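Some notes on the structure that comes next.
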Amino acid sequence: MTKLTSLTIKEALDGLKKKEFTATELTEAHIKASEAAQHLNCYITETYDHARAQAKESDARYAKGEAKLLDGVPIAMKDLYCTEGIRTTAGSKILENFKPPYESTVSGNMFRDGAIMLGKANLDEFAMGSSNTTSAYGNVINPWQRKGDNKPLVPGGSSGGSAAAVAARIAMGATGTDTGGSIRQPAAFCGITGIKPTYGRCSRFGIIAFASSLDQAGPFARTVEDCALLLQSMAGYDPKDSTSVNRPVPEYFKSVGQSVKGLKVGVPKEYRVDGANPEITALWDKGVEMMKAAGAEIVDVSLPHTKYALQTYYVIAPAECSSNLARYDGVRFGLRVEGGNLNDTYEATRAAGFGKEVKRRILIGTYVLSAGYYDAYYNKARRVRKLIWQDFINAYEKCDVLLTPTAPTPAFAIGENEQDPVTMYLNDIFTVPASMAGMPGISLPVGLSGDGLPLGLQLLGRPFDEETVFKAASALEKAASFTHLPQSLMNKAA
Amino acid sequence: MAHALLKGETGDWEMVIGLEVHAQILTKSKLFSGASAAFGAAPNTQVSPIDAGFPGMLPVINTLCIEKAVRTGLGLNAKINLYSVFERKNYFYPDLPQGYQISQYQHPIVGEGEIEIDLPDGSTKAIGIERLHVEQDAGKSLHDQHPAKSYVDLNRSGNPLMEIVSKPHMNSAEEAAAYVTKLRAIVRYLDTCDGNMDEGSMRCDVNVSVRKPGDALGTRCEIKNVNSVRFVQQAIEYEARRQIEVIEGGGTIKQETRLFDTKNGTTRAMRSKEDAHDYRYFPDPDLLPLKLEQGFVDNIKSTLPELPDAKKKRFIALGLSSYDAGVLVAEKERAAFFEKVSNNNDPKMAANWVTTELAGALNKTGKSLDESPVSAEQLGGLLKLIADNTISGKIAKDVFAEMFASGKDAATIVEGKGLKQVTDTGAIEKIVDEVLAENPDKIAEYKSGKDKLFGFFVGQTLKKSGGKANPAIVNDLLKKKLSS
């Protein structure tokens, strides 16, 4: 029998149903793997006892023949999702001891469907970062390494702990959130699959906000089909989130494996940037050929406002974050550092509680919303955002999905790209436009770089047309047949 | 009413006043959470994680609040905006849990309107409404519970408010008072706010400036959180005087926010324009723009009650004086009481009884109308006994006193005490004959020209009947007998 930790979710569910193993055995295998991979620092809080209790309940349901959609599947929960009674930090010192008295809707949906939570996954502080190096709970280490180089690499961010855990086979799947690429970029860096659904598809209730008009929950897994199963559970209308959309959730897994004959795949010329990494460009070309070979029709399209996406993103996201993070004031919950008076207490609390990147974005956001600058920055960015959205809508007149690289480079070493924030921000250049437009997007591994690191491609779809995205992604997945494993796992296997 | 001008050393001054009234929308739950919005609960017992600004919590609009805001807008004869936007007003304060207040800024739900105010001399004046927007209330900071610390009560946090902004159309403290009174009457009629200023469900921010008549507007000061009609008047009177003194003393008025001190009736500076917050308003990304259907507005319009002005006009048409009509419609409950009393009774008489006899008795005993021992139906019953000659108006007053004391129906009292008016002509004639027989000398005097003695005979007859003889019949009989 294959190792329990290398099964896909689909395989595990089949095995559980056939009583080949129990949810408890599956969970214990993942706990053991997690303990062995502690140096990766995937979890801020391990919830193994909680997982064992959930596994027991799951086994009872299997015994009674009442198993649910994800029954017995051990997953990692990004520590941005509030979990009732379980510490939720958002990767920040300011919430070091915060235990929410409520459950986020999405985590609640997954527990309803029998998922088992192994731990709260590490992330960039308040999801602000592209390398998981802004977490107050230490860096996450990517299970992948460059050939002949043992420098620790970043897993990407902000959902770095989630992606690394799935890649390292210590969780079968994980939740993430994507504001400007925080699911897709770490999926690409860690050689796994991750989808950001359409804005409004998953409830944001109980997910700690970074930038409310961009934040969206989504899953990580090692296959497109597993992502479809996880999203099936996570998605749905929630009356507690006014921006969630009331439309039925299709059975996404049914799209997996469907033919892409005649599907129109758009290739946006603006994503071919000057000075691009030739390996990435080559991979993209390869992906185009794979889709063509699978029967899809390739269409050249233009998204003319792409070049403004990153700049406008770094106006809108910080603006919303500056307001969203005002509640961390030391008055009602979280860290409080007493000062001589009210303002001193505010300053001492926020100075001690927030890290450098969070402070930088609060400052940028406060600035762009200030009287006299509002029109020049925030308002203009909002107008440009509308144009970016219109670009996509126009492109979808000509094609059904868009194919682009996910990130401009493979995973980089911890400490690289830290010289100035803009270099780091450029990591999100291919993921941000779809976030600004609210479009769904999936990243999946398609090949390896010269030094042995996974490279991902991104498929973007029409609003609420995740089905077509899954269909296209499963065709690409099949063509790419990416079976490489991180070195750490290969060494163990050896 | 002509503008009330204030005399200064350099001549006359005109006040220019605008009001921002915060009215709590009358709903069971808060604007964006399901927590109770009731007044008076123990601190921090009506707080959901949403109201406390907990991580990951999201606001969801309470549609009843929107309905009531639209209803109020219609009651203010204002334009309803089918598209409005909730924005965040950002500032730090311990009783503002989210670090921002969700309010409406560039796109309020209600635009321009107009109401008519009633002035003490019986005249009216139209006052423009600039806008009405919906916003959440902040919590309450308690600074007097501990020598060094402040406490925060979040029960009020997230309560639904309407901010109703007038145009600067008022020129005296009386007009401002009449405006607040009228606004309160309107929201009470509409059932959109209870108007209880002492519980804080209506609070006023008062903008005051002064100028020489005909000059451009002066610099204004805003007096925050004034919580009674009387205080509004006092604050305006003090503030206008203060500004005139500053200007006449060679100074200039600084635009600033001031506080009203209820103890000595003065205002004092709170913060100047330079210290004003930059609120960094921007559309709340947690809430989509609010889009209303015209049909939704039309439905509300079709259920609007008759408002004070319309009611007053109708009462005047019934024959009431403008003054009586004004008194009756000022309170929704009083108008309703009157309408029940006047049901099948003479409206003028009903108005008299409600505004004088009943109001006097309530006043004397310190009771409000809803505590009245005499119900509207009971008072109506009494009036019917007068109208059908069962009792005289004089007896009715005694019966009313008895009703007020015992809560019994008029008919029961009249029956029990045998106060029923005698209308049997034969019986009354007997008494008249007796009176005439006992007073031959008075008859002689009467016949020799002392007309006034007629009243003496009437009085004697009524007295002998124990007040029960119908005065009209007594009159007729005496006239007939004395002229024969």
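In table form, for the structure just shown:
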{"item": "Alpha carbon convex hull of region B:306-417, projected area averaged over orientations, nm²", "result": "6.6 nm²"}
{"item": "Backbone N under 13 Å from the B:THR10 label point (7 Å along Cα→Cβ), restricted to region B:242-261", "result": "B:243-253"}
{"item": "Full-extension gain in nm, B:GLU112 to B:LYS291, via 0.36 nm per residue minus C-alpha separation", "result": "62.6 nm"}
{"item": "Extent along principal axes [Cα atoms of region B:425-483; Å; largest to smallest]", "result": "30, 19, 16"}
{"item": "Theoretical FRET efficiency, 1/(1+(r/R0)^6), r = Cβ-Cβ of A:SER302 and A:GLU96, R0 41 Å, to 0.05", "result": "0.30"}
{"item": "Two-site label geometry, B:MET270 and B:LEU142: point separation in nm, points 7 Å out along Cα→Cβ", "result": "2.1 nm"}
{"item": "Cβ-based net charge around A:THR179, under 14 Å, with every Lys or Arg adding one and every Asp or Glu removing one", "result": "-1"}
{"item": "Per-selection metrics, the protein assembly as shown (Cα): Rg and Dmax in Å", "result": "39.0, 145"}
{"item": "Exposed-loop-free span, longest in chain A, where GluC sites (Glu not before Pro) count as exposed if DSSP calls them loop and at most 11 other C-beta atoms lie within 10 Å", "result": "A:67-250"}
{"item": "Too-long pairs where the Cα-Cα distance tops 25 Å, listed order kept, from B:LYS312/B:LYS408; B:LYS367/B:LYS420; A:LYS17/A:LYS120; B:LYS442/B:LYS479", "result": "B:LYS312/B:LYS408; B:LYS367/B:LYS420; A:LYS17/A:LYS120"}
{"item": "Contour minus Cα-Cα distance for A:LEU363 and A:GLU270 (0.36 nm per residue)", "result": "30.4 nm"}
{"item": "Kirkwood estimate for region A:276-402, i.e. one over the average of 1/r between Cα atoms, Å", "result": "18.2 Å"}
{"item": "Nearest-0.05 FRET efficiency for B:PHE39 and A:LEU342, computed from C-beta distance (R0 25 Å)", "result": "0.40"}
{"item": "Projected label distance in nm at B:GLU306 and B:LYS364, using a 7 Å step from Cα toward the beta-carbon", "result": "3.1 nm"}
{"item": "Within-15-Å neighbourhood charge of B:TRP13 [Cβ basis; K, R +1; D, E -1]", "result": "-2"}
{"item": "Spatial separation of Cα centroids for region B:347-420 and region A:373-439, in angstrom", "result": "79 Å"}
{"item": "Against the rule of thumb 2.2 N^0.38 Å, how large the Cα Rg of chain B comes out", "result": "1.32"}
{"item": "Per-residue average of Cβ from other chains inside 10 Å of A:325-336", "result": "5"}
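Read the figures in this text as sums done on the coordinates, not as results from a lab. For clarity, every value in this text was computed on a predicted model and none was experimentally measured. Glycine also receives a Cβ, built like all others from the backbone with ideal geometry; neighbour counts cover every protein chain displayed.
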